[in-house]
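Here is the structure we will look at, set down as structure tokens.
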Ligand code: PRP
Ligand code: URA
């Protein structure tokens, strides 16, 4: 059974306040997205397996551990790109594969427009998307990543709606969800309330 983990760290609350603020300009919004993604990334990687290795310090040899698993990052275009550098900072050896979706504003259904995957999938995949609203885009993304062949998948989102979490846990009960906040509800246009508005537009200054 997948876990739903809502981060309670005080720094998460601190940086979310700025991220949510409508007065926050794109440059600071990008920085806050990155800071929160670092905190999310730390939490989402606590159970990564380690391969033992021996290292020579200037004083003696010591048993250490290394992450040798093939790890894939899948940012969902566009807004997921804002989270990707932070995860690469934590896992520099990770592979980055891309999926593009936009949400049709009338039907609210996800529309896929880009997919770049390798023939052999990494064993572990972190899907990156700051907003989990209805859950349509995330559910489709996870289905595609499963079809690709990844056997361990986690979704990292900055803000989630209860409706999206309910949908994802019903369709993909095996997938872990890590999020900085579970908000109140979706409004009539399926925006997360209180949320932060349109994440992609705020990251890329296209409001
Ligand atoms: C946003 C967000 C998710 C999706 C969430 O992307 O980044 O991908 O909406 O909504 P859902 O859970 O109801 O599917 P958007 O469609 O605005 O595209 P963008 O990233 O290009 O701005
Ligand atoms: N996409 C966003 O960027 N924000 C929302 O609140 C919902 C979907």
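Read the figures in this text as sums done on the coordinates, not as results from a lab. Since the model is a prediction, treat every value here as computed from it, not as a measurement. Neighbour counts run over all protein chains shown; Cβ positions are idealised from the backbone, glycine included.
Having 1 or more residues that are more than 28 Å from residue 110 (Cβ to Cβ) is the bar; report the strands (runs of 3 or more DSSP E) wholly within the stretch 21-85 that clear it.
Those strands (runs of 3 or more DSSP E) span 51-56, 61-66.
Listed here are the residues, each with its yes/no results for (1) in contact (Cβ under 8 Å) with a residue 24 or more places away in the chain; (2) surrounded by 15 or more Cβ atoms within 10 Å (Cβ to Cβ); (3) more than 30 Å from residue 166 (Cβ to Cβ).
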site	(1), (2), (3)
10	no, no, no
13	no, no, no
16	yes, yes, no
25	no, no, yes
37	yes, yes, no
47	no, no, no
72	yes, yes, no
81	yes, yes, no
87	yes, yes, no
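Taking residue 44 as meeting all but one of (1) within 16 Å of ligand 2 (Cβ to nearest atom); (2) out of contact with any helix residue (DSSP H, G or I) (no Cβ under 6 Å at 6 or more places or on another chain), write down the number of the exception.
(1)
Considering 126, 117, which residue is farther than 27 Å from residue 196 by Cα, more than 8 Å from ligand 1 (Cβ to nearest atom), surrounded by 15 or more Cβ atoms within 10 Å (Cβ to Cβ) and in contact (Cβ under 8 Å) with a residue 12 or more places away in the chain?
117
Working carefully through the options 150, 133, find the one that is within 8 Å of ligand 1 (Cβ to nearest atom) and surrounded by 13 or more Cβ atoms within 10 Å (Cβ to Cβ).
Only one candidate qualifies: 133.
Return the pair list, or none, for Cβ contacts closer than 7 Å from residues in the stretch 182-205 that are more than 23 Å from residue 35 (Cα to Cα) and in contact (Cβ under 8 Å) with a residue 24 or more places away in the chain to residues that are in a helix (DSSP H, G or I) and more than 8 Å from ligand 1 (Cβ to nearest atom), at least 6 apart or on different chains.
Pairs found: 185/162; 186/163.
If you take the residues in the stretch 177-193 that are surrounded by 19 or more Cβ atoms within 10 Å (Cβ to Cβ) and more than 15 Å from residue 137 (Cβ to Cβ), which one is farthest from the chain's Cα centre (by Cα)?
Of everything passing the filter in the stretch 177-193, 183 is farthest from the chain's Cα centre (by Cα).
Just need a number here: residues in the stretch 89-99 that are surrounded by 12 or more Cβ atoms within 10 Å (Cβ to Cβ) and either within 13 Å of ligand 2 (Cβ to nearest atom) or assigned to a loop (DSSP other than H, G, I, E, B) (or both).
3
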